[in-house]
Amino acid sequence: MSLSRRGLLAAGGAVGALAATAAGTGPAAASTGSGHGSGPGHGSGSGHGRVRTGFDRLAADGYRLLRGQKVGIVTNPTGVTADVRHIVDVMHPDARVNLTAVFGPEHGFRGTAQAGGSEGRYDDPATGLPVYDTYLKSGQDLADIFTASGVDTVVFDIQDAGARFYTYIWTLYDCMEAAALAGKRLVVLDRPNPVTGRAALGPVLDPAFATFVGRREIAQAHGMTVAELALFFNAEFLHENPVRLDVVTMSGWRRSDFFDDTGLPWVPPSPNMPTPETALVYSGTCLFEGTNLSEGRGTTRPFELLGAEGIDRGWAAAANALELPGVAFREAYFAPVFSKFEGKTVGGVQVHVQDREVFDPVRTGIALLVTAKQTWSGFAWRPDNWIDKLTGNTRVRTMIDAGADTDEVVRAWQRDLSAFRAKRRRYLRYGG
């Protein structure tokens, strides 16, 4: 699919009212279209070329929403068109938009940094644009960067993975807060939640455990797109000083769509998120970052391979005995080339999702923690209790330590999750 502007206009017609202005007044002010289509290609894997991202719609409308503004963009390698050109490289030479700055998140604008790293301040060799480092910047420090850049409007366009601890959504939150402090407008260009937007799953963050892997009270698997999250954040958490917010929704995306239904190219949003299948398990198996087991970093299947020295086939057998819906576990041996157990052969499991329609990643992650502790005497939490930051509470860790089974742990978060689901519903912008 080519992203010629003629083709976009022919495919979608006039894009009139692209944006939903939501200056902290709640969902009533955010009356954007639902963004879901009713044309062909809605079956699993059959929707090639069907979804048009927020950027596609913005470009098709001649960047009208940004007219007369000095624009800076927060993006990374996932900010691409359907023919995999980076949107910065598309926008920069276009006279209809005045792009003057780029803001790089974790891993950097061009994606040269590993987990926990960024690219620093530099001038982009391809465009000459100044690139500012936003990683771990927030509040007034980030507001000062926006002010120093001289932009009027900050645009956000990054592919999310659907989990609370995937840091790009908190980059969004920090940018919203900082843009409000700096008196800038913020525009969010929407992209799909790769694991669907059907349901919110898992524990809701306790504010006492707020960090960059969870700033505010949302579920572990939030079931929202970044535009929906922006509307939620502005009305629920930033209402005392809301940012001037516009969101550009997608067209053709339905809540039930997995990423391969969209027809869009997958670009790894971070080095250890190589495929949409990684995202499918990530909101559950990332919990192993909080243990002494490998979460598969340093392998070709991060978050699908889990293990440690001394684990044998007993773990896979115990996990399979639970008969969790949509998933099976294979006894596996692997040698990470970096991160935990670098260069050592370890034993464990590979997570095989067999029916993604019924698979629950968070429940699966809890079940794997419970069975790992039951079957391997060497099991331990990270000494800094990182698991509490990932789950957003002490309850998961303490219940597992006390011998609770999977069902007991999952039941413990249902009341908070129900309240979040009810609140979340007001900000959803897509059907299906």
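Quick look at the numbers
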read-out: Under 13 Å from the Cα of K344 - aspartates and glutamates, other chains or at least 8 residues apart; value: E309
read-out: Gyration tensor over alpha-carbon atoms, the chain, equivalent ellipsoid semi-axes in Å; value: 36, 22, 21
read-out: Within the chain, longest stretch free of exposed GluC sites (Glu not before Pro) [DSSP loop, at most 13 other beta carbons within 10 Å]; value: 1-239
read-out: Euclidean distance of C-alpha centroids, segment 56-126 and segment 209-276, integer Å; value: 18
read-out: Heavy-atom surface of the chain, accessible at 1.4 Å and reported per residue (Å²); value: 36
read-out: Accessible carbon and sulfur surface of segment 81-230 relative to its total accessible area, %, 1.4 Å; value: 51
read-out: q = 0.16 Å⁻¹, segment 122-189: log10 I(q)/I(0) [Debye, one scatterer per Cα]; value: -0.56
read-out: Rounded to the nearest 20 debye, dipole of the chain from Cβ charges on Lys, Arg, Asp, Glu; value: 980
read-out: Pairs of Cα atoms farther than 29 Å apart, segment 200-355, %; value: 31
read-out: Net charge dipole size for segment 108-203 [Lys, Arg +1 and Asp, Glu -1 on Cβ; Debye, nearest 20]; value: 320
read-out: Square roots of five times the Cα gyration tensor eigenvalues for segment 225-279, Å; value: 27, 15, 10
read-out: At most 16 other Cβ within 10 Å, DSSP loop - trypsin sites (Lys or Arg not before Pro), segment 192-245; value: R198
read-out: Cα gyration tensor, segment 276-328 - rounded (a/c under 1.5), prolate or oblate; value: oblate
read-out: In Hz, Karplus ³J(HN,Hα) per residue of segment 193-198 (6.51, -1.76, 1.60; θ = phi - 60°; x = Gly, Pro); value: 6, x, 10, 6, x, 6
read-out: Relative contact order of segment 296-370, pairs being alpha-carbon contacts under 8 Å that are 6 or more residues apart, as %; value: 35
read-out: Rel. contact order, % - alpha carbon contacts under 8 angstrom, at least six apart, segment 190-332; value: 19
read-out: Evaluated over segment 314-432, the Cα radius of gyration and Dmax, each in Å; value: 16.6, 49
read-out: Filter on K340/K423; K184/K340; K137/K423; K373/K423; K137/K340; K340/K389 - keep pairs with C-alpha separation over 30 Å; value: K340/K423; K184/K340; K373/K423
read-out: Percent of C-alpha pairs per 10 Å bin, segment 158-223, short to long; value: 22, 46, 30, 3
read-out: In Å, descending, principal axis extents of the Cα set of segment 307-348; value: 33, 19, 11
read-out: Area accessible to solvent at S339, 1.4 Å probe radius, in Å²; value: 50
read-out: Options A402, G431, S138, ranked by Cα towards positive dipole end of the chain, top entry (Cβ charges); value: G431
read-out: Volume in Å³ per residue [convex hull over Cα atoms, computed for segment 76-158]; value: 100
read-out: Taking all pairs of distinct alpha-carbon atoms in segment 111-243, Kirkwood radius in angstrom; value: 15.6
read-out: Nearest-20 debye value, segment 297-432 charge dipole, Cβ charges on Lys, Arg, Asp, Glu; value: 820
read-out: Distance histogram for segment 121-161 (every C-alpha pair counted, 10 angstrom bins, percent rounded to whole numbers); value: 23, 54, 23, 0
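The values are calculated or read from the model by the stated rules, or taken from the named source; none is laboratory data. None of these values were measured; they are calculated from a predicted model. When we count neighbours, we look across all protein chains shown, and the Cβ atoms used for this are built from the backbone with ideal geometry, even at glycine. Just the protein is used for accessible areas: all its heavy atoms, side chains included, with ligands, DNA and RNA removed. Shrake-Rupley method; radii C 1.70, N 1.55, O 1.52, S 1.80 Å.
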